[in-house]
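The values are calculated or read from the model by the stated rules, or taken from the named source; none is laboratory data. Just so we're clear, the structure is a prediction, and the values are computed from it rather than from any experiment. Quick reminder, even Gly has a Cβ in these numbers, built from the backbone with ideal geometry, and neighbours come from all protein chains shown.
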Amino acid sequence: MAYSDKVLDHFNHPRNIGVLDKNDPNVGTGVVGAPECGDVMKLQIKVDADNRIVDAKFKTFGCGSAIASSSLATEWIKGKTVDQALEIRNTDIVRELALPPVKIHCSVLAEDAIRAAIQDIKEKQTASAEAATGSLSES
Amino acid sequence: MNDKSHKTLPARCMQCSAPMEYPICCTSCGTLIPPPDGLDFFVMFNLPTRFDIDEGELHRKYLSLSRNIHPDIVDKSTDQNRRNSLQLSSMLNRAYETLRGPVSRAEYLLVLAGGPSPRDDRSVPGDTLAKIMVLRENIEVAQEAGDQVALQQIRREVADHGENTLTEIVRLARALESDAQRDKTMKELRRQLNAMQYWLNLGEQLPVACTVGGKGPHD
C-alpha cells in the first residue's frame, strides 16, 4: 500500500515524540489501542492555568499511518485549549493525511488518544479541587 | 443465535439416499451440496456448537471432508461440480482454521451469539494497555542495549499474560452456553479477546533471541 507524502513526512520526521511526567498534576495521559492490529498509542498533554495545551508528546507502536496520525494530532493540539482540542475529529486527520479506508482506524485511535488525555487531566483537576475543598473543610 | 446459521442437516442424500453425515457433501456417492449462506462451521463438521470440542475428531472430520470435496479429487466433468468443489474447499479450510484454535473458536462463538466485534467494542480489561505500553518501551530499551536476558524475561512475561488471558477466554466461552448474564459474558469475552490480540501481536513482534540450545519463540 502506498503512503501519502504527508504520512511519510510524519513517519520519517515525527513531531513531538517523547514522554511527559505522568505524575505532574498538569499533565494528562491517554493510552489507547486497536485490538485488530495490536497498535498502541500514548498521547500526553501539558496544560497551563487557562487549560491551554502548552506541550504535547506521543509514543506510538504501530504502522506508519498510526504514527503519522498521532504525530499530526500533537502538532494540532499544541496551543489549543482543551475544549478546542476536543473539536478535532478523526475525519480531519484522514483528510490531512489522505489516509485510505483501511487506515481510517489509525485516525480514530489518534482522536481517542486526545480525548483520553483530556479526560485524564480533567479527572486530575477534579480530584485536586476536591482535595483542596476537603482540606479546607478539615481545617 | 444468528438467524442465518443453518442448524439442521439434510437427513438423506438427494442422489443416493444414503444418510448424510455432513451437510456439504455425501460421503457415500460424493455428491457436493452448495453451502447455504452463513452455514454454521460447527454444523459443517457435524459437531455440537460449543466451545469444548474434540480437536482430534475435528481433525479427522476435516481430513475426511477434504477427501470428498478437494478439487483434485472430485469429478470435474461439470462446471457446477468444479465450482462447488472450489467453493466448499475454501469454506472448509476457513471453518477448520477457525475452529481448531481456542482463541478463534471463542471469537467465532461470540459472533454466532451476536456479540460485539472488535470494531463495536475495543475495550480491554483494566490496565492492559498500560502494561502493553510499558512492555513495548522495555523491549525497545532492551533491543537497543542488546540485552538478551531482559528480552527473554519480557518474552516470558508476555507469554504469561497470554496464558492468563486464554484461561479467561476459555472460561467465558464455556459460560456462553448458559443464558445467565449472557450480555455481561459477551462483553467480558470481547474484552479478553481484544487483550489476547495485543498479547499475540506482541509475542509475534518480539525479536527471536539468539539463545543456546535452539529454543525458539514458541517454546
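Taking the range A:81-108 as the range and being β-branched (V, I, T) and under 27 Å from A:V54 (Cα atoms) as the test, the residues that pass are A:T81, A:V82, A:I88, A:T91, A:I93, A:V94, A:V108. Restricting the range A:39-63 to residues that are without any contact (Cβ under 8 Å) to a residue 24 or more places away in the chain and not charged (D, E, K, R), the residue that is farthest from the other protein chains (Cβ to nearest Cβ) is A:A49. Checked against (1) touching a helix residue (DSSP H, G or I) at 6+ places or on another chain (Cβ under 9 Å); (2) part of a helix (DSSP H, G or I); (3) over 30 Å from B:I169 (Cα atoms); (4) polar (S, T, N, Q), B:T27 meets all criteria but (2).
If we scan the range B:139-161, do we find a residue that is away from every other protein chain (no Cβ under 14 Å) and under 30 Å from B:V111 (Cβ atoms)?
Within the range B:139-161, one or more residues are away from every other protein chain (no Cβ under 14 Å) and under 30 Å from B:V111 (Cβ atoms).
Every residue, every condition in (1) among the small types (G, A, S); (2) closer than 15 Å to A:V7 by Cα; (3) out of contact with any Ser or Thr (no Cβ under 6 Å at 6 or more places or on another chain), yes or no:
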site	(1), (2), (3)
A:G79	yes, no, yes
A:V82	no, no, yes
A:R89	no, no, yes
A:D92	no, yes, yes
A:I104	no, yes, yes
A:S107	yes, yes, no
A:I121	no, no, yes
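When you scan the range A:26-36, do you find a residue that is under 30 Å from A:A131 (Cα atoms), more than 14 Å from every other protein chain (Cβ to nearest Cβ) and assigned to a loop (DSSP other than H, G, I, E, B), even just one? Checked against the condition, which is being under 30 Å from A:A131 (Cα atoms), more than 14 Å from every other protein chain (Cβ to nearest Cβ) and assigned to a loop (DSSP other than H, G, I, E, B), the range A:26-36 yields at least one hit. Pairs meeting the criteria (first residue in the range B:185-206 and at the interface with chain A (Cβ under 8 Å from one of its Cβ atoms), second residue of a type in the set (S, T, Y) and part of a helix (DSSP H, G or I), beta carbons under 7 Å, at least 6 apart or on different chains) are B:A195/B:T128; B:A195/B:T165; B:Y198/B:T128. Residue check: A:T74 meets all listed conditions (1) at pLDDT below 95; (2) surrounded by 21 or more Cβ atoms within 10 Å (Cβ to Cβ) but one, namely (1). Residues that are assigned to a helix (DSSP H, G or I) and closer than 21 Å to A:P25 by Cβ: does the range A:57-78 have at least one? For the range A:57-78, residues assigned to a helix (DSSP H, G or I) and closer than 21 Å to A:P25 by Cβ: present. So, in the range A:12-31, of the ones that are buried (at least 18 other Cβ atoms within 10 Å of the Cβ) and within 15 Å of A:F61 (Cβ to Cβ), which residue ends up nearest to the chain's Cα centre (by Cα)? By that ranking, first place goes to A:G30. Taken over the range A:79-96, residues that are surrounded by fewer than 24 Cβ atoms within 10 Å (Cβ to Cβ) and either in contact (Cβ under 8 Å) with a residue 24 or more places away in the chain or not in a helix (DSSP H, G or I) (or both) amount to 11. Of the helices (runs of 4 or more DSSP H) entirely within the range B:87-203, those holding at least 2 residues that are under 16 Å from the mean Cα position of the chain (by Cα) and surrounded by fewer than 19 Cβ atoms within 10 Å (Cβ to Cβ) occupy B:102-112, B:148-175.
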